[in-house]
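Written below as structure tokens is the structure these notes are about.
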Amino acid sequence: MADGRVLAITGASSGIGAATARAAAKDGWRVVLAARSTDKLEELAEELGGADTALAVRCDVTSWDDQQALVAAALERFGALDAVLANAGFGAKRGFLEESVEHWKAMIDTNVYGAALSIRAALTHFREQNSGHMLITSSVAGRRTLPGSLYSATKWAATAMGHALRAEVAETDIKVTLIEPGMVDTPFFENRPEGALEPDDIARAVMFALSQPGHMDVNEILIRPIHQAG
């Protein structure tokens, strides 16, 4: 059990973020739920036990002010911040002639810049306490090149940030974990993909990383559906 440790999750209103919040609360964590829309967040916070267990915070991850406010809200409500899951992100159709350029920019801003801001917002606090756990949702697409996929490029960037952060904090007790799912049945897909993982599968992987002793840092967790070859 986590004994009341505090986990902040971006992209917490659905999919992997919401499933991780449920798993963490069940394991004794207090959770700070962040997303751009608060309706689902507030419902989830109530489901998880209300004010003593969960806090809903509106956060556009591409806003530095919002990211700083998220960390401040966690510290104000719970007096601690022990881990952050930088999970907010979305995809695009494959093909460099697909999607609008505006969609591309929004995806890059969220998947790359947003993850970097999550790191920056938490890192000052983690350094001050010489502890903390930064988890970043990357993807199988961040380990292999997918034809025509700018989304894949954003996840390569997320993977690189995880390794870069780990190298930066190597002399501290701060942990860094990359979570790299294969195909997951989340709102990312318009139609349910056959044989996909469930968000709960990824949540269990996050909880595995969070549950390890202080001397052990789980660097990467790559998770594919059993029949996904690549």
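Being crowded, with 22+ Cβ neighbours inside 10 Å and either assigned to a loop (DSSP other than H, G, I, E, B) or in contact with a Cys (Cβ under 7 Å, 6 or more places away or on another chain) (or both): is that true of Leu85 here?
Details: crowded, with 22+ Cβ neighbours inside 10 Å: yes; either assigned to a loop (DSSP other than H, G, I, E, B) or in contact with a Cys (Cβ under 7 Å, 6 or more places away or on another chain) (or both): no.
It is false that Leu85 is crowded, with 22+ Cβ neighbours inside 10 Å and either assigned to a loop (DSSP other than H, G, I, E, B) or in contact with a Cys (Cβ under 7 Å, 6 or more places away or on another chain) (or both).
Considering only region 201-223, state which residues are surrounded by fewer than 15 Cβ atoms within 10 Å (Cβ to Cβ), in contact with a Lys or Arg (Cβ under 9 Å, 6 or more places away or on another chain) and over 18 Å from Ala158 (Cα atoms).
Once the filter is applied, which keeps residues that are surrounded by fewer than 15 Cβ atoms within 10 Å (Cβ to Cβ), in contact with a Lys or Arg (Cβ under 9 Å, 6 or more places away or on another chain) and over 18 Å from Ala158 (Cα atoms), region 201-223 yields Gln212, Gly214, Met216.
Step by step: first the residues of region 171-199, then only those that are of a type in the set (S, T, N, Q) and either more than 30 Å from Ser131 (Cβ to Cβ) or under 17 Å from the mean Cα position of the chain (by Cα) (or both), then the one that is modelled with the highest pLDDT. Which residue is that?
Looking at residues that are of a type in the set (S, T, N, Q) and either more than 30 Å from Ser131 (Cβ to Cβ) or under 17 Å from the mean Cα position of the chain (by Cα) (or both), I get Thr177.
Among the residues of region 1-50, write down those that are over 14 Å from Ala88 (Cβ atoms), assigned to a helix (DSSP H, G or I) and of a type outside the set (D, E, K, R).
Result: Ala19, Ala23, Ala24, Ala25, Leu44, Ala45, Gly50.
Any idea which of Thr62, Thr20 is among the β-branched types (Val, Ile, Thr), surrounded by 17 or more Cβ atoms within 10 Å (Cβ to Cβ) and either at pLDDT below 95 or more than 22 Å from His133 (Cβ to Cβ) (or both)?
On the way: Thr20 fails: either at pLDDT below 95 or more than 22 Å from His133 (Cβ to Cβ) (or both).
Answer to the check: Thr62.
Exactly one of (1) over 23 Å from Val176 (Cβ atoms); (2) in a strand (DSSP E or B); (3) of a type in the set (A, V, I, L, M) is unmet by Leu97. Its number?
Single failed check for Leu97: (2).
The values are calculated or read from the model by the stated rules, or taken from the named source; none is laboratory data. Being a predicted model, the structure only gives us computed values, none of them experimental. Here Cβ is always computed from backbone atoms with ideal geometry, including for glycine, and neighbour counts include all displayed protein chains.
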